[in-house]
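Participant: Handing you this structure, nothing more for now.
The values are calculated or read from the model by the stated rules, or taken from the named source; none is laboratory data. A quick note: this is a predicted structure, and the numbers were derived from the prediction, not measured. Note that we place each Cβ from the backbone using ideal geometry, even for glycine, and neighbour counts take in every protein chain shown. Heavy atoms of the whole protein, side chains included, go into the accessibility calculation; ligands, DNA and RNA do not. Shrake-Rupley method; radii C 1.70, N 1.55, O 1.52, S 1.80 Å.
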Amino acid sequence: DGQLYVSGLVRNAKDAQRMYNYWPLALDTPVPTPHGWSTIGELRPGDEVFDECGAPVEVVDTTAVFLNEDCYRVTFDDGSSIVASGNHQWRVERRGKRTSATFEWSPLTVSTRDLVPGDDFIRVTRPLQTSRSVPLDPYFVGVWLGDGDSSGPIITQNKADADEMIDILVSRGLDAGNLRASSTACRFSVYGVRSEMVALNLLGNKHVPDCYLRASIEDRLELLRGLMDTDGSVGANGQCSISTTSPTLRDGICELLRSLGVKFGVVARDGRVINSPNGKTYHGADHWQISFSCRDDLRVFNLTRKIARTIDRLHHPRRTTRFGIATVERVASVPVKCITVASDNHLFLAGEGMVPTHNCSQEAEMLALAPKAPFIG
């Protein structure tokens, strides 16, 4: 428009180099979405992921795939891990020197290579805000997954809880049959649900169906309560746990807990050796024990007997709501990529642990790689 602009070249070239030092994750890094799971490599603009508060957020851009980056495996204290480049950014709280009652804590944004195991912590996500409909009552599904016959809608429950459990199921609109009692347990059927169980591929295949893992928060809580009322327990210190011999159920329960913002630990345990009065020795099944101490505002049981044991449970607000950085280990370089999300805090959930991590800005790269002097490009 008749105006003369005089500019040097160094500033534009410097910005381009800065943006090359991206903050990407390995392409196969799993990323939770409102519809299930994707990976960093598969995400495209317009897809949805979750922010650190569990709210769906749109992917507005993605970076190119970068090779030959320095890569590290970040392992968290829940056992999950993420492979990221050394420049990838994390929003952490760093523990400082001890005060009279606690420690000094500093909020920081640091790169992967600068994470400090034992001193850096990342806040656990809030419950995922999803709303997929489910065809069958979630509490019943949890009860059946815990104590149901794999072949049909028949529940086996101990005598102390059977009547109350039937009352809960009936109050939720289910048709529970009469108790058939033995010396130690009771069995009862639930009518009118077999066709839905067949449609969910549950019979002979106990697992947590995908639609329940992205159902509403209340539906997911009811599913968890059904599992905890059957296979769950609460210790004298208020620590909750649930055990299963099925790796498929283990993985489903872990994802369910993560989707509710519950941090947990998993321990593989050998089956107990039982000496029977008949002189024979029986070996119990090996199993996994999933333990957690959830927030005070999260009720994980419906049975009165179990709820009473959680009233005075111990709750460490920092330990149960933050991932600790366990290790940061250099690994072989892998292709890496990152995304940009429409979030004010620039955070999204990544990895099987649904850990909040930083996004990056493709718009800045596009601007930096288009300097005013064409021959620089």
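Participant: In whole percent, how big is the carbon plus sulfur part of the accessible area of the chain, probe 1.4 Å, protein atoms only?
Facilitator: In the chain, the share of accessible area belonging to carbon and sulfur is 51 percent.
Participant: For the chain, report the accessible area per residue in Å² (1.4 Å probe, heavy atoms, rounded to an integer).
Facilitator: With all protein chains present, the chain gives 49 Å² per residue.
Participant: Taking every pair of alpha-carbon atoms in the stretch 101-212, what share in percent sits in each 5 Å bin, from 0 to the bin with the longest distance?
Facilitator: Each 5 Å bin holds this share of Cα pairs: 2, 9, 17, 15, 11, 8, 6, 6, 7, 8, 8, 3, 0.
Participant: May I pose another question? Determine which residues of the stretch 265-279 fall in the zone a paramagnetic label at ASP286 would reach in this model, i.e. backbone nitrogen under 15 Å from the point 7 Å along Cα→Cβ.
Facilitator: Hits in the stretch 265-279 for ASP286 at 15 Å: 267-273.
Participant: May I pose another question? What net charge do the residues around HIS287 carry, taking every other residue with its C-beta under 13 Å from that of HIS287, with Lys and Arg at +1 and Asp and Glu at -1?
Facilitator: 0
Participant: Shifting gears a bit: Hey, can you rank 36-43, 173-180, 77-84 by average C-beta count inside 10 Å, highest first?
Facilitator: In decreasing order of mean packing, 36-43, 173-180, 77-84 become 77-84, 36-43, 173-180.
Participant: Distance from a point 7 Å along Cα→Cβ of SER182 to each backbone N in the stretch 203-234: keep the residues under 20 Å and list them by number.
Facilitator: 204, 230-232, by backbone N distance to the label point.
Participant: So how tilted is helix 217-231 from the main axis of the chain? Cα-based, degrees 0 to 90, rounded to 10.
Facilitator: For 217-231 against the chain, the angle is about 50 degrees.
Participant: Considering the values [x] 42; [y] 47; [z] 33, which represents percent of Cα pairs over 33 Å apart as calculated for the structure under consideration?
Facilitator: [x]
Participant: Right, next: Give, as a single signed number, the net charge of other residues whose beta carbon lies under 13 Å from the beta carbon of LEU347, with Lys and Arg counted +1 and Asp and Glu -1.
Facilitator: Every neighbour counted, the sum reads 0.
Participant: Compute the orientation-averaged projected area for the stretch 232-359 from the convex hull of its Cα atoms and round it to one decimal in nm².
Facilitator: So the Cα hull casts an average projection of 12.6 nm².
Participant: Which aspartates and glutamates, if any, have their Cα less than 16 Å from the Cα of LYS159, not counting same-chain residues under 8 positions apart?
Facilitator: Filter leaves ASP147, ASP167, ASP229, ASP231.
Participant: Now for a different question. If I stretch the segment between ALA101 and VAL198 completely, what's the gain in nm (0.36 nm per residue apart, minus their alpha carbon distance), one decimal?
Facilitator: Working it through step by step, the gained length comes to 29.4 nm.
Participant: Beta carbons within 10 angstrom, averaged per residue: use that to sort the peptides 301-307, 219-225, 46-52, highest first.
Facilitator: Listed from highest to lowest mean packing, they are 219-225, 46-52, 301-307.
Participant: For the residue pair VAL65 and ASP114, what label-to-label distance in nm results when each label sits 7 Å from Cα along the Cα-to-beta-carbon direction?
Facilitator: 3.0 nm
Participant: Output the peptides 257-263, 293-299 sorted from most to least packed, where packing is the average of other Cβ atoms within 10 Å over each peptide's residues.
Facilitator: Those peptides, ordered most packed to least, come out 257-263, 293-299.
Participant: Working from Cα positions, state the angle (0 to 90°, nearest 10) between the long axis of helix 247-259 and the longest principal axis of the chain.
Facilitator: Long axis of 247-259 versus the principal axis of the chain: about 60 degrees.
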